[in-house]
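Asks: Sharing a structure with you now.
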Amino acid sequence: MAIKIYIPRDSSALAVGAEKVAVAVAAEAKNRGLNIEIIRNGSRGLYWLETMIEVEADQGRVAYGPVKVKDVPSLFDADFMNGKSHALSLGLTEELDWLKKQQRLTFARVGITDPISLEDYLAHDGYKGLKNALKLSGAEIVKVVTDSGLRGRGGAAFPTGIKWNTVLGCEAEQKYIVCNADEGDSGTFSDRMIMEGDPFVLIEGMTIAAVAVGATQGYIYVRSEYPHALATLNSAIEVATKAAYLGDNVLGSGKTFHLEARRAAGAYVCGEETSLLESLEGKRGLVRFKPPLPAIEGLFGKPTVVNNVISLATVPIVLDKGAQYYADYGMGRSRGTLPIQLAGNIKHGGLVELAFGATLRELLYDFGGGSVTGKPIRAVQVGGPLGAFLPESQFDTPLDYEEFTKIWAVLGHGGIVAFDDSVDMAQMARYAFEFCAIESCGKCTPCRIGSIRGVEVMDKITATRNKSASEHAKSIKLVRDLSDTMLNGSLCALGGMTPYPVLSALNHFPEDFGLSVEPKAG
Amino acid sequence: MLDLQTEQDVGVNQNLEVNVDTLIAQHQHRPGGLLPLLHAIQDSLGYVPESVYPKISKALSLSVAEVHGVVTFYHHFRTHRAGRHVMQICRAESCQAMGSVALEAYAKKSLDIDYHQTTADGSITLEPVYCLGNCALSPSVMMDDEIHGRVSPTDLDALIAEAKA
């Protein structure tokens, strides 16, 4: 029988040579006349160990990494096919401390299964949630999701069940389920990992949403920067449709759900739900005024559920194991688990799924192992380019939506970007304005003009720091005034939250702005 | 900046017309079909020539201004032919934390071009990108559809040499 060897197809594994490693392993096995089956799995999320190869040996799955093409012959020499020792041996994958300390619910299968094998998905508890959902009424499904405490993992943390309930309550001949897979926040990659590593869980979650609210058509809006995710989704949708998990009669239930993955075109603002809907309609991604809410008048004016990838991909386990099982994880009003992404200047970057409540320090040091450069971590940005920068004094904050709100920060999509002490926080503040200027949809003035003025004022601040005291003080006041206008006057989070990175940098790291004053509240 | 005039004489030949007609026929009746159509045109031709705007506008019952508005709103679409390879360097925060500012300066100097420009030999177009989702292995560079992580200046040299070969 062929020995199974797992080599990831995940983009980040490919970014450090997984494709070449897979080719080399196949060629080496052929030369040696060995019978192997290479399975291209998702990533386990220990990215510093990619390309991480696993072999299904008698004792279980044994891991080796980081494997380069040049290591391949020696792995065969060491009989890695039977799980034998090699300089790159990591031992049994399941015993890796980094994985053992996690609580993987949404990511239960990622890295374990063949992403586009429906058989594999079914063998690992796949579609149990949908089968349960098909026995329930729409209102009962919505109640399970509401009771689980699941909140939108895209950033705004709005309760998923409440959103669904609004769509369920609308009378319409057509409703839609839209998955927001426009994961544009720097430091985040959990959506990508799901789409590349376990696409069926997203498809199942969307199907459950459709059954719950009575929608018959779904769209997944995928970033154009994620070509592999799009290709994997398309393959999985095709497989699911052929096997009647999608289509006119989902599993013989008489319910219809068609699903299509649509490619975005590189506009960050399209991660905002109303802008995303405009884009799906084939228009410029201009943000819409709210109300009406998309749940009432969404895609093509019809009631629409718009949820993030992680929210939807979490629904199957909630419907499989029950609301209470999920709600038992977490703290306060943040129930369940959060797939956290460790990024930037971090030694052990990757995916850590944990119940809400772990502290930043645990993540940065226990999981992350400190900075790559070995220097102290001076600042972290949590929640993408619109998230606040946090100084070391706030590293004991637990990851919880409300605890973050208290310190004028956001958890967002759970991305954590670490910076060592070489960072210039005034430059980061300038970049926040610059990014806003590049990505602004242009509809509202505070965002469109404010961002440009912000870049100019930041340039003035860096030019006058330690020079002209009066000019400098004027510019600092101006940047605060401008931030206030953007914060309160912008139409969506792009302009409205750009002040988070700007003011948090200014408040927590005044010395980088040429100030020695005590931090003020934001 | 995009020059609206320079592309008008480019590429309006028989093959292009036939190709675009086929693509329009495939996508014009899809709900919200303009983006999928523009993707199909760019995938096929390498860019969206302005000469095809009137055809698109007629088929989709849009004004030429609306088509122009959509094409130019999205960073992904280009109205000019790109070099043989497109190199995208990530400018986002995670990559900045790992030295992307120096890397982009190095790329611009090595290629002797700025962002949105193409090398004199037509081999490489340089573009910024804002996150490739490879943030645990920053800094990141995308060469055409191939992503590269932990990119050093030496790695960049190798990518450039390969693209120019």
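The values are calculated or read from the model by the stated rules, or taken from the named source; none is laboratory data. In this text, all values refer to a predicted model and were calculated from it rather than measured experimentally. Neighbour counts run over all protein chains shown; Cβ positions are idealised from the backbone, glycine included. Keep in mind that these areas ignore ligands, DNA and RNA; they rest on the heavy atoms of the full protein, side chains included. Shrake-Rupley method; radii C 1.70, N 1.55, O 1.52, S 1.80 Å.
Asks: Looking at the stretch A:420-439, can you tell me whether even one residue there is within 14 Å of chain B (Cβ to nearest Cβ), modelled with pLDDT of 95 or more and in a strand (DSSP E or B)?
Replies: yes
Asks: Across the stretch A:385-419, what is the number of residues that are touching a residue at least 24 places away in the same chain (Cβ under 8 Å), part of a loop (DSSP other than H, G, I, E, B) and over 20 Å from B:Asn134 (Cα atoms)?
Replies: Qualifying residue count, the stretch A:385-419: 9.
Asks: When you scan the stretch B:82-102, how many residues do you find that are more than 17 Å from A:Ser186 (Cα to Cα) and either in contact with a Pro (Cβ under 6 Å, 6 or more places away or on another chain) or at pLDDT below 95 (or both)? Give the derivation first.
Replies: First, pick out the residues of the stretch B:82-102 that are more than 17 Å from A:Ser186 (Cα to Cα): B:82-87, B:102.
Narrowing further to those that are either in contact with a Pro (Cβ under 6 Å, 6 or more places away or on another chain) or at pLDDT below 95 (or both): none.
The number of residues fulfilling the criteria is 0.
Asks: I would also like to ask the following. Hey, among the residues in the stretch A:59-85 that are outside any strand (DSSP E or B) and of a type in the set (Ser, Thr, Tyr), which one's nearest to A:His348 (Cα to Cα)? Show your work before the answer.
Replies: Kept after step one, since they are outside any strand (DSSP E or B), are these residues of the stretch A:59-85: A:59, A:65-85.
Then drop every residue that is not of a type in the set (Ser, Thr, Tyr), which leaves A:74, A:85.
On the way: A:Ser74: 25, A:Ser85: 23 Å.
Taking the candidates together, the pick is A:Ser85.
Asks: Can I ask one more? So A:Gly442 clears everything in (1) of a type outside the set (A, V, I, L, M); (2) surrounded by fewer than 17 Cβ atoms within 10 Å (Cβ to Cβ); (3) in a helix (DSSP H, G or I) except one condition, right? Which one?
Replies: For A:Gly442, the failing item is (3).
Asks: Could you please let me know if A:His258 is within 14 Å of chain B (Cβ to nearest Cβ), open to solvent by 50 Å² or more (accessible area, probe 1.4 Å) and within 21 Å of A:Val315 (Cα to Cα)? Explain how you work it out, then say what you get.
Replies: Values: within 14 Å of chain B (Cβ to nearest Cβ): yes; open to solvent by 50 Å² or more (accessible area, probe 1.4 Å): yes; within 21 Å of A:Val315 (Cα to Cα): yes.
Criteria met by A:His258.
Asks: On to the next question. Counting only residues that are basic (Lys, Arg), more than 11 Å from chain A (Cβ to nearest Cβ) and open to solvent by 30 Å² or more (accessible area, probe 1.4 Å), give me the helices (runs of 4 or more DSSP H) lying completely in the stretch B:67-165 with at least 1 of them.
Replies: Details: elements: B:93-96, B:100-111, B:153-164.
Passing ranges, in order: B:100-111, B:153-164.
This table checks each residue for (1) open to solvent by less than 40 Å² (accessible area, probe 1.4 Å); (2) farther than 30 Å from A:Leu386 by Cα; (3) not in a loop (DSSP other than H, G, I, E, B).
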| residue | (1), (2), (3) |
| --- | --- |
| A:Lys131 | no, yes, yes |
| A:Lys135 | no, yes, no |
| A:Glu140 | no, yes, yes |
| A:Trp164 | yes, no, yes |
| A:Glu173 | no, yes, no |
| A:Glu183 | yes, no, no |
| A:Gly187 | yes, no, no |
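Asks: Still on this structure: Could you say whether any residue in the stretch A:509-516 is of a type in the set (D, E, K, R), farther than 30 Å from A:Thr106 by Cβ, open to solvent by 10 Å² or more (accessible area, probe 1.4 Å) and out of contact with any His (no Cβ under 7 Å at 6 or more places or on another chain)?
Replies: Filtering the stretch A:509-516 for residues of a type in the set (D, E, K, R) gives A:511-512.
Next, only the ones that are farther than 30 Å from A:Thr106 by Cβ stay: A:511-512.
Next, only the ones that are open to solvent by 10 Å² or more (accessible area, probe 1.4 Å) stay: A:511-512.
Add one more test, that the residue is out of contact with any His (no Cβ under 7 Å at 6 or more places or on another chain), and what stays is A:511-512.
Looking for residues that are of a type in the set (D, E, K, R), farther than 30 Å from A:Thr106 by Cβ, open to solvent by 10 Å² or more (accessible area, probe 1.4 Å) and out of contact with any His (no Cβ under 7 Å at 6 or more places or on another chain), one finds at least one in the stretch A:509-516, hence yes.
Asks: Continuing with the same structure: Determine whether A:Glu260 is outside any loop (DSSP other than H, G, I, E, B), touching a strand residue (DSSP E or B) at 6+ places or on another chain (Cβ under 7 Å), more than 20 Å from A:Phe189 (Cα to Cα) and not hydroxyl-bearing (Ser, Thr, Tyr).
Replies: Details: outside any loop (DSSP other than H, G, I, E, B): yes; touching a strand residue (DSSP E or B) at 6+ places or on another chain (Cβ under 7 Å): yes; more than 20 Å from A:Phe189 (Cα to Cα): yes; not hydroxyl-bearing (Ser, Thr, Tyr): yes.
Taking the combined requirement at face value, the residue satisfies it.
Asks: Among A:Gly266, A:Gly282, A:Gly252, which is without any contact (Cβ under 8 Å) to a residue 40 or more places away in the chain and within 14 Å of chain B (Cβ to nearest Cβ)?
Replies: On the way: A:Gly266 fails: without any contact (Cβ under 8 Å) to a residue 40 or more places away in the chain; A:Gly252 fails: within 14 Å of chain B (Cβ to nearest Cβ).
Testing whether each residue is without any contact (Cβ under 8 Å) to a residue 40 or more places away in the chain and within 14 Å of chain B (Cβ to nearest Cβ) leaves just A:Gly282.
Asks: Hey, another quick one. What are the residue pairs meeting all of these: first residue in the stretch A:228-240, first residue over 19 Å from A:Phe257 (Cα atoms) and outside the structural domain of A:Ser12 (by TED's automatic domain parsing), second residue in a helix (DSSP H, G or I) and open to solvent by 20 Å² or more (accessible area, probe 1.4 Å), Cβ atoms under 8 Å, and 6 or more apart or on different chains?
Replies: Pairs found: A:His228/A:Leu14.
Asks: Got a sec? Which of A:Glu281, A:Glu297, A:Glu272, A:Glu238 is open to solvent by 20 Å² or more (accessible area, probe 1.4 Å), modelled with pLDDT of 95 or more, of a type outside the set (A, V, I, L, M) and within 21 Å of the chain's Cα centre (by Cα)?
Replies: Working: A:Glu281 fails: within 21 Å of the chain's Cα centre (by Cα); A:Glu297 fails: within 21 Å of the chain's Cα centre (by Cα); A:Glu238 fails: within 21 Å of the chain's Cα centre (by Cα).
Answer to the selection: A:Glu272.
Asks: Right, here's the next one. If the Cβ limit is 7 Å and pairs must be 6+ apart or interchain, which residue in the stretch B:148-165 that is under 11 Å from B:Leu103 (Cβ atoms) pairs with which residue that is open to solvent by 60 Å² or more (accessible area, probe 1.4 Å) and not charged (D, E, K, R)?
Replies: B:Pro153/B:Tyr106; B:Leu156/B:Tyr106
Asks: What residue, of B:Val64, B:Val20, is open to solvent by 10 Å² or more (accessible area, probe 1.4 Å), outside the structural domain of B:Pro153 (by TED's automatic domain parsing) and of a type in the set (A, V, I, L, M, F, W, C)? Break it down stepwise before answering.
Replies: On the way: B:Val20 fails: open to solvent by 10 Å² or more (accessible area, probe 1.4 Å).
The unique qualifying residue is B:Val64.
Asks: While we're looking at this one, here's another question. Quick one: how many residues across the stretch A:318-352 are within 14 Å of another protein chain (Cβ to nearest Cβ) and crowded, with 23+ Cβ neighbours inside 10 Å?
Replies: Taking the stretch A:318-352 first, the residues within 14 Å of another protein chain (Cβ to nearest Cβ) are A:339-352.
After this cut, where a residue has to be crowded, with 23+ Cβ neighbours inside 10 Å as well, the list is A:339-346, A:349-352.
Residues in the stretch A:318-352 being within 14 Å of another protein chain (Cβ to nearest Cβ) and crowded, with 23+ Cβ neighbours inside 10 Å: 12 in total.
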